[in-house]
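A.B. asks: Quick one: structure below, then a few questions.
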């Protein structure tokens with residue numbers, strides 16, 4: 001979340017209250033659902049919702065990359081070496097999101113084995 005917030009703060013000014021805000025809210029919802037899943041006895045619906053929110057976050061980040069928002073620096077100015085930084089920023093965030101997806105998948109598999117699904 002910390003790294004994602006840093007990158008989101010560099011999005012163009014016109015996107016701060018649109019896609020940037022949506023990504024941030026989805027990430028926070030994902031965190032909240034993880035807490036909820038941990039506390040529930042029957043985890044099927046919460047894990048399904050967690051999996052859906054994860055996919056939404058992944059696609060929103062991909063959309064931001066496709067729109068070129070990882071190229072920007074403060075105040076919507078193009079950063080020097082923007083192409084290199086854009087790729088690095090996107091790959092870094094994508095790896096974290098993919099790792100989160102693996103953890104969610106393992107959680108779902110574990111819940112199925114325990115009969116919590």
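A.B. asks: Is it the case, given these coordinates, that residue 3 is touching a helix residue (DSSP H, G or I) at 6+ places or on another chain (Cβ under 9 Å), closer than 21 Å to residue 89 by Cβ and exposed (fewer than 12 other Cβ atoms within 10 Å of the Cβ)?
C.D. replies: yes
A.B. asks: Here's a check for you: in the stretch 1-19, which residue that is within 17 Å of residue 54 (Cα to Cα) and touching a residue at least 40 places away in the same chain (Cβ under 8 Å) is nearest to the chain's Cα centre (by Cα)?
C.D. replies: The qualifying residue nearest to the chain's Cα centre (by Cα) is 4.
A.B. asks: Kindly provide the set of residues from the stretch 9-19 that are at pLDDT 90 or above and in contact with a helix residue (DSSP H, G or I) (Cβ under 7 Å, 6 or more places away or on another chain), ordered by number. Give the steps one after another, and end with the answer.
C.D. replies: In the first step, residues of the stretch 9-19 are kept if they are at pLDDT 90 or above; the result is 18-19.
Within the stretch 9-19, 19 is the sole residue that qualifies.
A.B. asks: Working only within the stretch 73-91, note down all residues that are loosely packed, with under 14 Cβ neighbours inside 10 Å and either at pLDDT 95 or above or within 30 Å of residue 46 (Cα to Cα) (or both).
C.D. replies: Once the filter is applied, which keeps residues that are loosely packed, with under 14 Cβ neighbours inside 10 Å and either at pLDDT 95 or above or within 30 Å of residue 46 (Cα to Cα) (or both), the stretch 73-91 yields only 91.
A.B. asks: Output yes when any residue across the stretch 62-69 is farther than 20 Å from residue 88 by Cβ, in contact with a helix residue (DSSP H, G or I) (Cβ under 9 Å, 6 or more places away or on another chain) and not in a helix (DSSP H, G or I), and no when none is. Spell out the reasoning first.
C.D. replies: First pass over the stretch 62-69, keeping only residues farther than 20 Å from residue 88 by Cβ: none.
No.
A.B. asks: All but one of (1) at pLDDT 95 or above; (2) surrounded by 13 or more Cβ atoms within 10 Å (Cβ to Cβ) hold for residue 99; which doesn't?
C.D. replies: Of the numbered conditions (1) at pLDDT 95 or above; (2) surrounded by 13 or more Cβ atoms within 10 Å (Cβ to Cβ), the odd one out for residue 99 is (2).
A.B. asks: Would the stretch 51-72 turn up any residue that is surrounded by 14 or more Cβ atoms within 10 Å (Cβ to Cβ), over 18 Å from residue 87 (Cβ atoms), over 11 Å from the mean Cα position of the chain (by Cα) and modelled with pLDDT of 95 or more?
C.D. replies: Yes: the stretch 51-72 contains one or more residues that are surrounded by 14 or more Cβ atoms within 10 Å (Cβ to Cβ), over 18 Å from residue 87 (Cβ atoms), over 11 Å from the mean Cα position of the chain (by Cα) and modelled with pLDDT of 95 or more.
A.B. asks: From the residues in the stretch 25-50 that are crowded, with 18+ Cβ neighbours inside 10 Å and more than 14 Å from residue 100 (Cβ to Cβ), which one is farthest from the chain's Cα centre (by Cα)?
C.D. replies: Ranking the qualifying residues of the stretch 25-50, first place goes to 43.
A.B. asks: Let me ask something else. Run down 26, 35, 22 and say which single residue is modelled with pLDDT of 90 or more and either part of a loop (DSSP other than H, G, I, E, B) or over 23 Å from residue 108 (Cα atoms) (or both). Walk me through how you get there before you give the answer.
C.D. replies: On the way: 26 fails: either part of a loop (DSSP other than H, G, I, E, B) or over 23 Å from residue 108 (Cα atoms) (or both); 35 fails: either part of a loop (DSSP other than H, G, I, E, B) or over 23 Å from residue 108 (Cα atoms) (or both).
Exactly one of 26, 35, 22 is modelled with pLDDT of 90 or more and either part of a loop (DSSP other than H, G, I, E, B) or over 23 Å from residue 108 (Cα atoms) (or both), namely 22.
The values are calculated or read from the model by the stated rules, or taken from the named source; none is laboratory data. As the structure is a computational prediction, the values presented were derived from the model and not from experiment. Every residue, glycine among them, receives a Cβ derived from its backbone with ideal geometry; neighbour counts consider all protein chains shown.
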